[in-house]
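Working notes, beginning with the structure itself.
The values are calculated or read from the model by the stated rules, or taken from the named source; none is laboratory data. Note that the structure is predicted; figures quoted are calculated from it, not measured. Because the Cβ atoms are built from the backbone with ideal geometry, glycine has one as well, and the counts that use them run over all protein chains shown.
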């Protein structure tokens, strides 16, 4: 048998952890329109890479969904017009001005001329529209399963701050650690991997020294499957990323009732106007944290239940599944290109 039928969908992403957490809405949407789906995870290592490329070729008769900038680059020149490129974020190569970044952008423009392109926030949509000189579809993230859990009383006498994500300097994790260590009445919990394959990762030895010198004020948990169980003991979630797609860590914070302190960048700005969301540049982070410690009532004067309800309508799993199913079900290419998940 040569590949699969045109009524099937193959989903290509980096690893099983990402596939399981962030692709569920796509699988549900494909199921809702009565089509089979074939998740394909790349994994790590050279053998896994070659196996991945072979499977990409094998599914050439399916409509292939390619998730993430790294995967989109890996499949360069192998893609067909029916494929769908899902930019879950832009990645560092699309945000810099060096020669390598310019080459990558040129290669993307040359290789992907007719494919459907999807962005998860309005800023990325505009950037990708300019890059590909074509309309880009906008979807409200990848669908978050909000809970109906109650909220603990916040804030507590000892302000508990949390960070969820990869421990990278581009996410200002080092500045967050320095700020938390310098403040009294503040405890920081770090959740996430140190990405050793990334030159931007913070140094493990440096982190260990900071934890030791902070005498109980810093805690590193590593990768955690149930993030929300950790956030029940956290008051403030901080994210100082340079750019995001639509961050699940912020949705975790909202679902858990935490105050969110975010950098004013694409992805984060999708939450602009919500109560319980504070914007700060990394350089001002310590001042904002000091202010929260000194006057918590000013920051925690919001209704977490109402905030969660508003986000459920916009970013919730069921809403996003409906948007994806509508987009995938479009048979007219022109109509599909004009689809906009934010306006439906």
Checking residue 293 against (1) surrounded by 19 or more Cβ atoms within 10 Å (Cβ to Cβ); (2) touching a strand residue (DSSP E or B) at 6+ places or on another chain (Cβ under 9 Å); (3) in a helix (DSSP H, G or I), which test does it fail?
-> (1)
Count of residues meeting criterion [outside any helix (DSSP H, G or I) and surrounded by fewer than 20 Cβ atoms within 10 Å (Cβ to Cβ)] in the stretch 76-108 = 11
Selection count, the stretch 166-197, where residues are in contact with a helix residue (DSSP H, G or I) (Cβ under 9 Å, 6 or more places away or on another chain) and surrounded by fewer than 20 Cβ atoms within 10 Å (Cβ to Cβ) | 13
For the stretch 225-264, enumerate the residues that are surrounded by fewer than 19 Cβ atoms within 10 Å (Cβ to Cβ), in contact (Cβ under 8 Å) with a residue 40 or more places away in the chain and not in a helix (DSSP H, G or I).
-> 232, 233, 242
Failed criterion for residue 42 (all others in (1) in contact with a strand residue (DSSP E or B) (Cβ under 9 Å, 6 or more places away or on another chain); (2) free of Cβ contacts under 8 Å to residues at least 24 places away in the same chain; (3) farther than 17 Å from residue 327 by Cα hold) = (2)
What number of residues in the stretch 109-131 are closer than 22 Å to residue 244 by Cα and either in the same structural domain as residue 302 (by TED's automatic domain parsing) or buried (at least 17 other Cβ atoms within 10 Å of the Cβ) (or both)?
-> 12
Out of all the residues in the stretch 241-262, which are modelled with pLDDT under 95 and closer than 21 Å to residue 180 by Cα?
-> 241, 242, 249
Being without any contact (Cβ under 8 Å) to a residue 40 or more places away in the chain and within 30 Å of residue 200 (Cα to Cα) is the filter; apply it to the stretch 49-75 and report the residue that is surrounded by the fewest Cβ atoms within 10 Å (Cβ to Cβ).
-> 50
